Amino acid sequence: MRQTASIRDYDWWLLAIVFSICGIGLLEIWSATHASRLAGMQWRQLSWILLGVVAMLIVSRVDYHVVLNRAPILYALGVIGLIAVLTMGHTRFGARRWLPVLGQFLQVSELVKLVIILTLARFFAEVRTDRLTIGDLLKVGAFTAVPLGLILLQPDLGTALVLVPAVVVGAYLAGIDWKHAAVLLLAGAMMLPIGWQFLKPYQKERVETFLRPEEDPRGSGYQTLQSKIAVGSGGFWGKGIGRGSQNQLGFVPVRYSDFILAALAEEAGFAGVFVTLLLYTALLLRMIQNAQRAKDRAGMFLVMGVAAMVGFHVLVNVAMVIGYMPVTGIPLPLMSYGGSATMFVFLALGLVMNVRLRRFVN
């Protein structure tokens, strides 16, 4: 093995997939905003992508073992950041989720997702038994519940839910007993009625609308119905980029962000969506391959945590766009407009590259 990794050791196939997805996103952001007061958003998104690439390269060169050793400190800083959001954060659309930093609004919860991946990878890697004990599961639940609860208080149910798949995948790979899993699933099901009581009125409305959107087509059901209309009207080949009526006339809600896939479906049709989802599938498979080739358990858990969160983002966003899940505000990775979300993905990809590069270093 070599003493240092070189530029050719990067996963160039993974990067090609990432930049292809980013390119589709930039094109659709332009299409969705070029004829409106939001024109030019694609350039701001491009700047976030370029900044993300720089951050990814920096993270990829720092040994992930060093980062994992600092996981408790990063966890503490993440919790402090979430508390700061609740006390002095910027409020938008009735939610307090952003901290003003250097003239920009930073969504701290996006970075906390990365911290949770690191914390879980460190914990599961240190478990030396074939099966997780109840004590192990309680510890995982405890340190995950703190940031999850703080995120729910913002309120941001979508981001809070994204933490769950990293825990589930990590526990499965670490060796959770099926009896323990069954008990946890039963306990979770029993907690649903209690959790319902703590939801905000608009969150309850979203769930009820998901079940019956046609009952309020101009109110709470508007987003879901307009999204489904856009998806259905695209047909197989679509109406052409920049020619989708639902998209260009602004009927598709937040068409440059949460519902960007609906805009793409109208303008590029089934064919365009199929290619896009194929790219996401290839991205996830490539990450899983890197996890399988990691030199140690810590690297494997790290990459699988990233894959779990990215995959959950894609699954929920796609299901939301076609009306199979309630509207949660979870963006489509690398495509949806947004600085904090874009930075999270590239920082996470930096960790994936980091694990890959360590294979070539003594």
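The values are calculated or read from the model by the stated rules, or taken from the named source; none is laboratory data. Source: prediction; values computed, not measured. For neighbour counting, all protein chains shown are included, and Cβ atoms are generated from backbone atoms with ideal geometry for every residue, glycine included. Accessible surface areas use protein heavy atoms only, side chains included; no ligands, DNA or RNA. Shrake-Rupley method; radii C 1.70, N 1.55, O 1.52, S 1.80 Å.
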**Prompt:** In region 136-156, which residues have a backbone nitrogen under 13 Å from the label point lying 7 Å from Ala181's Cα in the Cα-to-Cβ direction?
**Reply:** none
**Request:** Take the Cα of Val164, step 7 Å along the line toward its Cβ, and report every residue of region 126-148 whose backbone nitrogen sits under 14 Å from that point.
**Result:** 145, 148
**Complete:** Computed over the chain, protein heavy atoms only, probe 1.4 angstrom, the accessible area per residue in square angstrom equals 48 Å²
**Given Lys113/Lys200; Lys204/Lys239; Lys139/Lys204, the pairs whose alpha carbons are separated by over 28 Å** = Lys204/Lys239; Lys139/Lys204
**Complete:** For the chain, the longest principal axis of the Cα atoms and the Cα long axis of helix 41-61 enclose an angle in degrees, to the nearest 10, of 10 degrees
**Message:** Could you report the accessible area of Trp30 in Å², rounded to 10, computed with a 1.4 Å probe on the protein chains as they sit in the structure?
**Reply:** 100 Å²
**Asked** Taking the chain as a Gaussian network, Cα atoms linked when under 10 Å apart, which of Thr342, Thr119, Thr328 shows the biggest mean-square fluctuation?
**Response** Thr328
**Request:** Whenever you get a sec, compute what percent of the accessible area on region 220-362 sits on carbon and sulfur atoms (1.4 Å probe).
**Result:** 66 percent
**Prompt:** With a ≥ b ≥ c the root eigenvalues of the C-alpha gyration tensor of region 1-83, is it rounded (a/c under 1.5), prolate (a/b larger than b/c) or oblate?
**Reply:** oblate
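Which of the three applies to region 48-158, rounded, prolate or oblate, going by the alpha-carbon gyration tensor with a ≥ b ≥ c and a/c under 1.5 meaning rounded? Display every interim value, and only then the final one.
Details: a/c = 2.66, a/b = 1.31, b/c = 2.03.
It comes out oblate by the Cα gyration axes.
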**Fill in**
With a ≥ b ≥ c from the Cα gyration tensor eigenvalues, square-rooted, and the rule rounded for a/c under 1.5, otherwise prolate when a/b > b/c and oblate otherwise, region 200-358 is prolate
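Suppose we take every Cα in region 106-185 and form the convex hull; what volume per residue is that in Å³?
Values: hull volume 6.6 nm³, N = 80.
Value for region 106-185: 82 Å³ per residue.
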**Highest-first arrangement of 247-254, 300-307, 36-43, 109-116, where packing means the average Cβ count within 10 Å** = 300-307, 109-116, 247-254, 36-43
**Message:** Give me the percent of accessible area attributable to carbon and sulfur for region 52-200, probe 1.4 angstrom.
**Reply:** 73 percent
**Asked** In deg cm²/dmol, rounded to 500, what helix-only [θ] at 222 nm does the chain give when every DSSP H run of at least 4 residues adds -39500 (n - 2.57) and the total is split over its residues?
**Response** -23000 deg cm²/dmol
**Message:** Once each part is reduced to its C-alpha centroid, what is the distance from region 234-302 to region 55-102 in angstrom?
**Reply:** 26 Å
